[in-house]
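Each remark here refers to the structure printed beneath this line.
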Amino acid sequence: MPTSAEHPSIERASQIHNQQRAEPSSKDIPQSPSTALRSTAIRLKQLIAPTTRNVAVTNREKRVGQLSAFAIPPRPPNLPLFCSAEMVEPSPGCFSATAQTFQDGQLSFEQFIDINLRHFSGERHDEDTEGTDYSLARLSWLGSDMGRVSAAIKICILEPGFAVPPVELLRHILLACPSATFQALMSLDDSMHSKSGISVFSNPFLLQIILLVAINYKNNTLAKALADIGPPPPRCILHFELCSLREYTPPHAINREVLAHLIRQGWAIPDQKAIIYAVQSPDASSGIELFRAIVGSGFDLSKNDYATSLPNLAAASGEPQMLQHILSHFSIRRPNDDLILTAVKSRSSGGADMLRYLMNQGISVNYYVLGSSWASSPTDPYDGYGDPRARAEAEYAAGFSGYRKGFDTALHLAAQNGNVEAVRVLLDRGARKSMLDGAGRTPFQRAQQANREKVLDMLRE
């Protein structure tokens, strides 16, 4: 573990901070915790990298910082932003300020780890006593998600009776995690165990730290191997409802296969966000693996009309293998005809394989909707119910008043969205260019109104 002499700027940061805390403030209005954290992080950046320019925190920056200093989830009602009795300014070197400084690109990964591990050597700050699930989940959103690692280390120092490992050996293991193999970590762990009797693989609190480093650095092979070692600690970051890992959206998204392993071993709790994340997977195999892990965990798919919503979601943004798996899970023999419209409605590209799958299941390429009722595609562009008179009567019964609801075919939607791949598949399968939508427009006219030149060229052929 590097000494303070090797990091004189960090020692100097603490000295200046203590001096500033002793001086009386000339401000009538105290800073909010988020603004205090931002200004503290800025001071720490300047001291660690003294060659960089000084950053003046203007009044405008402070006001903006009070409103949106961090991308954090909404605060639960009746829960204070900081859960200690007194609102305190985070210290340079504390978990939050270090994570923020790392996020701003002013700390290397090695420096980030060194500063956090100082807590294992007895260093403490005012914020270190804040141990609620919410404060830890909030920390997970900082540091380009490296705040998760800070939160895991913080859980260790909050745990009564936690056996502190040899810091220098733990440091070597953590620095190796971004690219190491499981075998390489085992060798380092054997060295730690022989010298201290402590193993990161048998201590779930330490295992959580190295697992989160592997996840953050996309070392997915290592992360899956670590997740399979055993159950999580009593306080697991991934169990906190507001943890950034449970958002499953960029930049917080986790590899789906890794998430499947985490769920099987109890490290992650499946929820509706996780099932949506599985269904929308661009890689069907990883999506199906995650889907199976969620179902295997006992997640109830019989509620919330999942039998309808999940096939629609898969058709709209997933892969045909995923849709097929979902239909099989719910014992649905044939997909609904309207899925051919769903498959292209929101796609500006792609979806060709989904269209082929749906048409191979017997759905007409010219299928369209009449008002609020689904109808088979006509043999004549003006013939919805056998002849033009029947169509006119149907329009009147539906309350037609100058604009017909529906009548979009998949070709109308794909042409308007400029989805060249989908248009090509539909034309190859016999989609009719003369079909009219509710406003009497052909697919060509829809593409023309949306300035889709490539589609227009295809429709002119």
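Suppose we filter M186, M146, M192 for residues that are assigned by TED's automatic domain parsing to the domain that holds L212, without any contact (Cβ under 8 Å) to a residue 24 or more places away in the chain and aliphatic (A, V, I, L, M); which single one remains? First the steps, then the outcome.
Values: M146 fails: without any contact (Cβ under 8 Å) to a residue 24 or more places away in the chain; M192 fails: without any contact (Cβ under 8 Å) to a residue 24 or more places away in the chain.
Within the list M186, M146, M192, the selection yields M186.
Considering only segment 220-237, state which residues are buried (at least 24 other Cβ atoms within 10 Å of the Cβ) and either without any contact (Cβ under 8 Å) to a residue 60 or more places away in the chain or within 19 Å of G298 (Cα to Cα) (or both).
Restricting attention to segment 220-237, the residues satisfying the condition of being buried (at least 24 other Cβ atoms within 10 Å of the Cβ) are 222-223, 226-227, 237.
Hits for segment 220-237 are L222, A223, L226, A227.
Which of the residues that make up segment 443-454 are over 18 Å from K345 (Cβ atoms) and either in contact (Cβ under 8 Å) with a residue 12 or more places away in the chain or of a type in the set (G, A, S) (or both)?
Result: F444, K454.
Among the residues of segment 152-163, which ones are closer than 25 Å to C243 by Cβ and touching a residue at least 12 places away in the same chain (Cβ under 8 Å)?
Answer for segment 152-163, where residues must be closer than 25 Å to C243 by Cβ and touching a residue at least 12 places away in the same chain (Cβ under 8 Å): A152, I153, K154, I155, C156, I157, L158, E159, F162.
For L370, state whether it is surrounded by 17 or more Cβ atoms within 10 Å (Cβ to Cβ) and modelled with pLDDT of 95 or more.
So L370 does not fit the description; no.
Looking only at segment 149-159, decide whether some residue is at pLDDT below 90 and either of a type in the set (K, R) or more than 12 Å from F120 (Cα to Cα) (or both).
Looking for residues that are at pLDDT below 90 and either of a type in the set (K, R) or more than 12 Å from F120 (Cα to Cα) (or both), one finds none in segment 149-159, hence no.
I'm trying to understand the selection: among the residues of segment 429-448, which are among the hydrophobic types (A, V, I, L, M, F, W, C) and within 10 Å of N366 (Cα to Cα)?
A431, M435
Could you tell me which residue of segment 298-348 is surrounded by the most Cβ atoms within 10 Å (Cβ to Cβ), considering only residues that are among the hydrophobic types (A, V, I, L, M, F, W, C) and within 14 Å of Q272 (Cα to Cα)?
The first filter runs over segment 298-348 and keeps only residues among the hydrophobic types (A, V, I, L, M, F, W, C), leaving 299, 301, 307, 310, 313-316, 322-323, 326-327, 330, 332, 339-341, 343-344.
Of the ones still in play, those that are also within 14 Å of Q272 (Cα to Cα) are 299, 301, 307, 310, 313.
Numbers: F299: 17, L301: 15, A307: 16, L310: 25, L313: 20.
By that ranking, first place goes to L310.
If I go through segment 119-164 residue by residue, how many of them are assigned to a helix (DSSP H, G or I), crowded, with 19+ Cβ neighbours inside 10 Å and charged (D, E, K, R)?
The qualifying residues number 5.
Determine if segment 74-94 includes at least one residue that is closer than 26 Å to P251 by Cα and at pLDDT 90 or above.
Looking for residues that are closer than 26 Å to P251 by Cα and at pLDDT 90 or above, one finds none in segment 74-94, hence no.
Kindly list the number of the only condition in (1) surrounded by 13 or more Cβ atoms within 10 Å (Cβ to Cβ); (2) under 44 Å from the mean Cα position of the chain (by Cα); (3) at pLDDT below 95 that fails for D353.
(3)
How many residues are free of Cβ contacts under 8 Å to residues at least 60 places away in the same chain and either over 35 Å from the mean Cα position of the chain (by Cα) or more than 18 Å from D338 (Cβ to Cβ) (or both) if we restrict to segment 411-436?
Pass one, segment 411-436, residues free of Cβ contacts under 8 Å to residues at least 60 places away in the same chain: 411-412, 415-416, 423, 427-428, 433-434, 436.
Next, only the ones that are either over 35 Å from the mean Cα position of the chain (by Cα) or more than 18 Å from D338 (Cβ to Cβ) (or both) stay: 415, 423, 427-428, 433-434, 436.
Result for segment 411-436: 7.
Scan segment 125-147 for residues that are at pLDDT below 90 and either in contact with a Cys (Cβ under 6 Å, 6 or more places away or on another chain) or of a type in the set (K, R) (or both) and report the count.
3
Does any residue of segment 222-229 turn out to be among the acidic types (D, E) and under 18 Å from S135 (Cα atoms)?
no
Mind listing whichever residues of segment 110-134 are within 22 Å of the chain's Cα centre (by Cα) and either closer than 21 Å to L211 by Cβ or among the hydrophobic types (A, V, I, L, M, F, W, C) (or both)?
Once the filter is applied, which keeps residues that are within 22 Å of the chain's Cα centre (by Cα) and either closer than 21 Å to L211 by Cβ or among the hydrophobic types (A, V, I, L, M, F, W, C) (or both), segment 110-134 yields only D133.
Would you check which residues across segment 101-118 are over 25 Å from A163 (Cβ atoms) and part of a helix (DSSP H, G or I) and list them?
If the condition is that a residue be over 25 Å from A163 (Cβ atoms) and part of a helix (DSSP H, G or I), then T101, F102, Q103, F109, Q111 are the ones that fit.
Scan segment 162-197 residue by residue and report those that are modelled with pLDDT under 95 and of a type in the set (F, W, Y).
Residue satisfying the conditions is F162 alone.
The values are calculated or read from the model by the stated rules, or taken from the named source; none is laboratory data. Worth saying up front: this structure is predicted, and the values here are computed from it rather than measured. Virtual Cβ from ideal backbone geometry, glycine too; neighbours counted across all protein chains shown.
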